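The values are calculated or read from the model by the stated rules, or taken from the named source; none is laboratory data. Nothing here was measured: the structure is a model prediction, and the numbers come from that model. Cβ coordinates were reconstructed from backbone atoms using ideal geometry, including for glycine residues, and neighbour counts include every protein chain displayed. Only protein heavy atoms, including side chains, enter the accessible area calculation; ligands, DNA and RNA are left aside. Shrake-Rupley method; radii C 1.70, N 1.55, O 1.52, S 1.80 Å.
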Amino acid sequence: MAPLPDEARDEIRRLQRHYEQRQSALLPALFVAQRELGWLPPQALQEVADLLDLPLSEVTAVASFYRFFFLEPAGRHLILLCTNLACLLNGAEDLRRHLEERLGVRPGQTTPDGAFTFRESECLAACHLAPMLMVDRERFGPLTPREVDELLERYRAR
Ligand code: FES
């Protein structure tokens, strides 16, 4: 795996200037690395740790905690289905079953065509949209299974 491009390394170094503590630059730095590589292989985690002068264990712990980061190759689009209380009470379980059937994968997996990585998530701060999901950075809801199909079709083409 190739190292991060010089521009991305410079961007991560510059990020530190915006924060009083190096740790505060870690999330945006991981987003930069993932934007460049599509996921966060061990080498990228080590590079981020070196650039921010943080322990690799801390970088790895943060990257594995947040559902927006991938520690293995991911699909072109990330689907995060909220299964927290408001969404659960409003039909998230039906949407989960529907997504599993349509995508042919279980939560945590990537479709064979590489179009989608599907994950369940805690509250995505849009309970008024329940049941809802996010595709990449966009929130959608309240959703019916038919609307989910339309979303999949739209994103699969991108
Ligand atoms: S419970 Fe689903 S967005 Fe809050």
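What's the number of the only condition in (1) surrounded by fewer than 14 Cβ atoms within 10 Å (Cβ to Cβ); (2) basic (Lys, Arg); (3) within 16 Å of the ligand (Cβ to nearest atom) that Arg154 fails to meet?
Failed condition: (3).
Condition first: open to solvent by less than 70 Å² (accessible area, probe 1.4 Å) and within 16 Å of the ligand (Cβ to nearest atom). Can you find one or more residues in the range 45-58 that meet it?
no
Exactly one condition in (1) assigned to a helix (DSSP H, G or I); (2) acidic (Asp, Glu); (3) in contact (Cβ under 8 Å) with a residue 40 or more places away in the chain is false for Glu120; which is it?
With respect to (1) assigned to a helix (DSSP H, G or I); (2) acidic (Asp, Glu); (3) in contact (Cβ under 8 Å) with a residue 40 or more places away in the chain, Glu120 is out only on (1).
Does Leu40 fit the bill of being closer than 26 Å to Glu120 by Cβ and not hydroxyl-bearing (Ser, Thr, Tyr)?
Yes: the conditions hold for Leu40.
Among the numbered conditions (1) in a helix (DSSP H, G or I); (2) open to solvent by less than 60 Å² (accessible area, probe 1.4 Å), tell me where Gln23 comes up short.
Gln23 satisfies all of (1) in a helix (DSSP H, G or I); (2) open to solvent by less than 60 Å² (accessible area, probe 1.4 Å) except (2).
Report the residue count in the range 93-112 for those that are assigned to a strand (DSSP E or B) and either exposed (fewer than 15 other Cβ atoms within 10 Å of the Cβ) or among the aromatic types (Phe, Trp, Tyr) (or both).
0
Can you work out which of the residues in the range 1-20 that are in contact (Cβ under 8 Å) with a residue 40 or more places away in the chain and either part of a helix (DSSP H, G or I) or among the small types (Gly, Ala, Ser) (or both) is surrounded by the most Cβ atoms within 10 Å (Cβ to Cβ)?
If we take residues in the range 1-20 being in contact (Cβ under 8 Å) with a residue 40 or more places away in the chain and either part of a helix (DSSP H, G or I) or among the small types (Gly, Ala, Ser) (or both), then Ile12 is surrounded by the most Cβ atoms within 10 Å (Cβ to Cβ).
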